[in-house]
Amino acid sequence: FLSPKQLGKVYRQIATIKPRLLGVDVGTMNVGIALSDPSLRMAIPLTTLNRRDCCLKGPENPLVKILKENRAFAMIVGFPLLLNDEESLQCEDIKLFVHSFETNTQIAFPVVLHNEAYTTQIAMDRFA
């Protein structure tokens with residue numbers, strides 16, 4: 001996994017082609033996908049995929065198709081840490097998902113685990 005600082009270095013090397021980031025929200029059954037705009041300032045919801053399909057081998061993997069079609073250079077994966085910054089049970093499941101994706105697709109792709117604790121609550125508070 002990369003740190004945000006390491007991700008910045010990768011981006012600077014390829015910035016001229018306007019690559020995008022892929023936001024990944026891993027659930028038990030589905031995986032939510034969001035795509036950054038070319039400036040990397042906003043993420044726009046793109047689709048929801050079946051979690052099992054995201055770890056398929058070969059070209060039928062829908063997540064691989066999205067990565068290639070959108071020139072994504074990295075995945076930002078939601079990682080719900082606990083209040084004390086320790087990993088939750090979901091964190092282990094998310095790491096397993098990322099490992100399965102990498103193993104089955106043979107794609108060496110930068111991944112940043114981003115703490116998403118309370119993001120739903122914050123959004124609900126702002127728009128309530």
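Structure values in brief
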{"read-out": "Extreme residue, farthest from the chain's Cα centre (by Cα), among residues of region 108-128 that are open to solvent by 40 Å² or more (accessible area, probe 1.4 Å), modelled with pLDDT under 85 and aliphatic (A, V, I, L, M)", "value": "128"}
{"read-out": "All positions within region 54-78 that are in contact (Cβ under 8 Å) with a residue 24 or more places away in the chain and either among the aliphatic types (A, V, I, L, M) or at positive phi (or both)", "value": "56, 63, 64, 66, 67, 71, 72, 74, 75, 76, 77"}
{"read-out": "Hits in region 37-71 (condition: of a type in the set (Lys, Arg) and either open to solvent by 80 Å² or more (accessible area, probe 1.4 Å) or in contact with a helix residue (DSSP H, G or I) (Cβ under 6 Å, 6 or more places away or on another chain) (or both))", "value": "41, 52, 57, 65, 68, 71"}
{"read-out": "Positions within region 88-98 being modelled with pLDDT of 95 or more and open to solvent by 90 Å² or more (accessible area, probe 1.4 Å), in sequence order", "value": "92, 96"}
{"read-out": "Hits in region 28-68 (condition: modelled with pLDDT of 95 or more and among the small types (Gly, Ala, Ser))", "value": "32, 34"}
{"read-out": "Listing of strands (runs of 3 or more DSSP E) fully contained in region 31-118 that carry 1 or more residues being over 23 Å from residue 5 (Cβ atoms)", "value": "43-50"}
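For every residue, the table says whether it meets (1) out of contact with any Asp or Glu (no Cβ under 8 Å at 6 or more places or on another chain); (2) within 22 Å of residue 108 (Cβ to Cβ).
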| position | (1), (2) |
| --- | --- |
| 31 | no, yes |
| 40 | yes, yes |
| 45 | yes, no |
| 62 | no, yes |
| 67 | yes, yes |
| 79 | no, yes |
| 84 | yes, no |
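The values are calculated or read from the model by the stated rules, or taken from the named source; none is laboratory data. What you see is a predicted model; the values in this text were computed from it and never measured. So basically every Cβ, Gly included, is an ideal-geometry build from the backbone, and we count neighbours across all protein chains shown. Areas reflect the complete protein model, heavy atoms only, side chains present, ligands, DNA and RNA absent. Shrake-Rupley method; radii C 1.70, N 1.55, O 1.52, S 1.80 Å.
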